[in-house]
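A.B. asks: The structure's right below; bear with me while I get my questions together.
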């Protein structure tokens, strides 16, 4: 669950805290695997991506 992921990952907590204080920090962390995985927990996989967005996969196919 998202709660479990958030509470068990101190790096994720740090990134989210920084982004909440100043949204400009998101640009620095937007490609971080932990943050992307966390945010994807809230996404609706049935919807298409917004125009201009692309789906990317890492070397393991995730």
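A.B. asks: Based on DSSP H runs of at least 4 residues, each adding -39500 (n - 2.57), what is the mean residue ellipticity at 222 nm of the chain after dividing by all its residues, to the nearest 500 deg cm²/dmol?
C.D. replies: Using -39500 (n - 2.57) per qualifying helix, the result is -13000 deg cm²/dmol.
A.B. asks: For Cα extents along the principal axes in Å, one of [x] 36, 26, 15; [y] 29, 26, 23; [z] 82, 26, 15 was computed from the structure I shared and the rest are decoys. Which label?
C.D. replies: For Cα extents along the principal axes in Å, the calculated option is [y].
A.B. asks: Now for a separate question. Calculate how steeply helix 10-21 sits against the longest principal axis of the alpha-carbon atoms of the chain, using the helix alpha-carbon long axis, and give the answer as 0 to 90 degrees to the nearest 10.
C.D. replies: 90
A.B. asks: Related question: Given a Förster distance of 22 angstrom, what is the FRET efficiency for residue 7 paired with residue 48, based on the Cβ-Cβ distance and rounded to 0.05?
C.D. replies: 0.10
A.B. asks: Need one number: nm distance between label points at residue 58 and residue 20, each 7 Å from Cα along Cα→Cβ, rounded to one decimal.
C.D. replies: Label-label distance for residue 58 and residue 20, simple model: 2.4 nm.
Laboratory data are not the source of any read-out in this text; all were calculated from the coordinates shown. No experiment lies behind these values; they were computed from the predicted model shown. As a convention, Cβ positions derive from the backbone with ideal geometry for all residues, glycine included, and neighbour counts pool all protein chains shown.
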